[in-house]
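Bear in mind these aren't lab numbers, they're just calculated from the coordinates by the rules spelled out. Model, not experiment: these values are computed from the prediction. When we count neighbours, we look across all protein chains shown, and the Cβ atoms used for this are built from the backbone with ideal geometry, even at glycine.
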């Protein structure tokens, strides 16, 4: 996991996962991993994680190989926070094997197998502002078109600023009503 914004990013946390998708859900969705819950003296503020990279290797199917590789990843990536799991003796021995160490050092020094950039609150807020502006423009255009087609002189104001005329209406297809769980309104009009 990386913190910071490009180009000033740093490795915030390194940990292993037997199943990547489940681990990401644990950190980002359920937020119940020990590193993000705030249950220990040091942790990761998951809302400030800017990127998650991961590496895959055929030997990672074996737990000892994953744990040994994690030790080497700590050295290569130098994270601010390291996984606090108990290290197996067999993994410690494997991590000291020169061939394995060399192979894992090359792996972690190279490009990751995959990368994920979680949406950040500031990015979501900016996208929401942009979307609201676009919707407002569409509402204004729609209101002008409705007024022009109805010939109304005194438009009414909707609480969100949309201009409309009471003579204007839209036929809503039954499929849309059913798709959104409004089957009781079949055949009705939206005004």
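Computed values, structure above
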quantity: Inter-centroid distance (Cα atoms) of segment 71-149 relative to segment 1-49, Å; calculated: 9 Å
quantity: Förster radius 22 Å - calculated FRET efficiency between residue 87 and residue 115, Cβ distance, rounded to 0.05; calculated: 0.25
quantity: Computed FRET value (nearest 0.05) for residue 42 with residue 75, which takes r as the C-beta separation and R₀ as 22 Å; calculated: 0.70
quantity: Shape call, segment 33-116: gyration tensor on alpha carbons, a/c limit 1.5; calculated: oblate
quantity: Relative contact order of segment 1-134, pairs being alpha-carbon contacts under 8 Å that are 6 or more residues apart, as %; calculated: 29 percent
